[in-house]
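Everything on this sheet refers to the single structure shown next.
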Amino acid sequence: MIKLNEKRLIETFVKLAQTDSESYNEGAMQELVARELKEIGCRVAVDNAGKKYKTTAKGNVIGYLPGTVNSAPFILCAHLDTVTPGKGVKAVVKKDRITSDGTTVLGADDKAGVAIILEILRTLKEQKLPHPPVEAVFTLSEEVGMFGSKNLDCTKIKGREGVILDGEEVDSVLVQGPAVNTIEVWIKGLASHAGVSPEKGISAVEVAAYALTQMKLGRIDKDTVANFGIIQGGQATNVVMPEVYLKGEARSLVNEKLAKQTANMKAAFEKAVKRFTKKIDGKICKPELKFVAEERYPAVRIAKTHPVVKGAVAAAKQLGISLKPVACGGGCDANVLAGKGFTLPNLGTGVRGYHTTKEYLLLKEFFAAFHIALGTLLAYKK
Ligand SMILES: [Zn+2]
C-alpha cells in the first residue's frame, strides 16, 4: 500500500478549513489553492467563471500535473465553497475526528475533498508513482446552485473522466442523480362579477384545474416524477378569478424523459386555454398562458461497469471496503458536469452532519478516501 502522510493531510485540511470561503466569497480560498498547486509544481489556470455571476473569486482553479504514463488525463474534482455559518472556522483535531468549535460548520464539505486532492498530487510527485496526467478541478459556488461548474471553461480541461470527492461515507459512490426542471405557469383569465355576470368572465383557476386533469403527475414511470407544489390566485369570493400562478417541478434520471414530461405538461395547459376560449359580447376572449420550464441541472447516470467506477471499487476492496454505487435525489457538480460530457462518479470523504454546525470529519474514512481516489487514478489508463 502507498504511504499516506497523515500529518500533512490533516495540516492541509486545517489550513483550508480556517480560510473563509462561504459561497460567493471564495476569493481567498481560490488564491490559496492556486498557490498550493504551484508549490507542488503544477501548472495552474484560473478561468473566468467569477465574472459570470457575483463572487469574490476570479474563477474555477485548474491544476495540471503531467503524466508519467501515456494516457488521457484523469480528473480530480472538489468544490471550494462552504455553506453558512462558515466564517472564522476553528478546526479542532481530536483523536478520531475533526470538528468545528460548534459555532460554525467545519467545511469538510468540501475541503476534505480539496485536501485529499492536494495530498494526492504531493504523493504522486514525492513517491514517483507512475501515473496518468492529472487535471485537478476546483469549482466555485457549488452549494448555492453549482455556479462554478455551470460556468466552467471546459476548453481548459482535456480529460473527460475522473472522480469528484464530495460525498459522505467512503463505502458509497454516487453514480446516479435526476435532472430537474422547475416549472412556472401564469394564467390570465378575465375578471367579472361572480354574482352578476359570471358568464362574462374566464376563471383562471378553472383553466388551471382542467389542465391539471389533462396531464400525468406524481409517479410518471420508474425514472420520472412530476408535481405542482404551489398555487396562488384570487382575492374575493365574488370575483371570477382573473389570474392564477402555479409552480412545480419534474425530475427524471433520463434527460429525454424529462423533456417529454415537461412538453406534456405544457401541452395540457395549451389544451385548457383552447377549451376556455369563448365569445363574450361578440368578441373572442382567450385566456393568456405563460409557461416557463427552467433546467436546474441535468441528470447524471454512470454505468456500474464504467472503468472509473470499477477502478474505485477495486481500490476500495484493497482497504476491505465494499463500495456501493448509489443514487442521490439532489443536484451537485456531478450533475452539471455530466451535462457537459464529463463522467465523474462522486466519492465520499468521511464527512458527517454536513451543512450543520455539528459537521465533523472521521479521520479513518478521510484517510481511506485518499487511498480510494489515488488507487482509482493509478489504475486509470485511456
Ligand atoms: Zn459539497
* To do: Would you mind putting 135-147, 288-300 in packing order, based on average other-beta-carbon counts within 10 Å, highest first?
  => 135-147, 288-300
* To do: Sort the following peptides by mean Cβ neighbour count (other Cβ atoms within 10 Å, averaged over residues), highest first: 165-171, 86-92, 278-284.
  => 165-171, 86-92, 278-284
* Where in region 208-233 does the label zone of Val254 land, with the point 7 angstrom along Cα→C-beta and an amide N cut-off under 18 Å? -> 216-226
* Which Cα, out of Tyr53, Tyr354, Leu16, lies furthest along the positive dipole direction of the chain (beta carbon charges, K/R +1, D/E -1)? -> Tyr53
* Asked: For region 54-162, what does the alpha-carbon gyration tensor say about shape, rounded, prolate or oblate, given a ≥ b ≥ c as the root eigenvalues, a/c under 1.5 as rounded, and a/b over b/c as prolate?
  -> oblate
* Structure fact -> Over the Cα atoms of region 1-92 the radius of gyration and the largest Cα-Cα distance (Dmax), both in Å, equal 14.9, 44
* How high is the FRET efficiency from Lys247 to Glu126, r the C-beta distance, R0 51 Å, rounded to 0.05? -> 0.45
* To do: Taking 7 Å along the Cα-to-C-beta vector as the label spot, tell me the Lys188-Leu217 distance in nanometres, rounded to one decimal.
  => 2.4
* So, in nm, how far is label Val326 from label Glu11 when the simple model puts each one 7 Å beyond its Cα toward the Cβ? -> 3.3
* Structure fact -> Bridge orientation stat for the chain from DSSP, antiparallel percent rounded to 5, came to 75
* To do: Measure up Lys38/Lys340; Lys150/Lys381; Lys247/Lys340; Lys216/Lys278; Lys125/Lys158; Lys38/Lys58 against 19 Å on the Cα-Cα distance and list the ones that go over.
  => Lys38/Lys340; Lys150/Lys381; Lys247/Lys340; Lys216/Lys278; Lys125/Lys158
* Asked: Which of the peptides 116-128, 64-76 is most tightly packed, and how do the rest follow, judged by the mean count of other Cβ atoms within 10 Å per residue?
  -> 116-128, 64-76
* Asked: Among Ala78, Pro287, Ala91, whose Cα sits farthest toward the positive end of the charge dipole of the chain (+1 at Cβ of Lys/Arg, -1 at Cβ of Asp/Glu, about the Cα centre)?
  -> Pro287
* Asked: Evaluated at 10 °C with a viscosity of 1.306 mPa s, what Stokes-Einstein diffusion coefficient in µm²/s does the chain have when Rh comes from the Kirkwood expression over alpha-carbon pairs?
  -> 70
* **Dimensions (Å) - region 179-297, Cα atoms, principal axes, largest first** => 50, 26, 20
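Magnitude of the Cβ-charge dipole of region 179-297, K/R +1 and D/E -1, about the Cα centre, nearest 20 debye? Write out the running numbers ahead of the final one.
Details: 19 positive and 13 negative charges, 65 e Å.
Value, rounded to 20: 320 debye.
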* For region 345-382 and region 201-262, compute the distance between their C-alpha centroids and round to whole Å. => 40
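Any read-out appearing in this document is the output of simple, stated calculations on the displayed coordinates, not a laboratory observation. Everything quoted here is computed from the prediction, not taken from an experiment. Neighbour counts run over all protein chains shown; Cβ positions are idealised from the backbone, glycine included.
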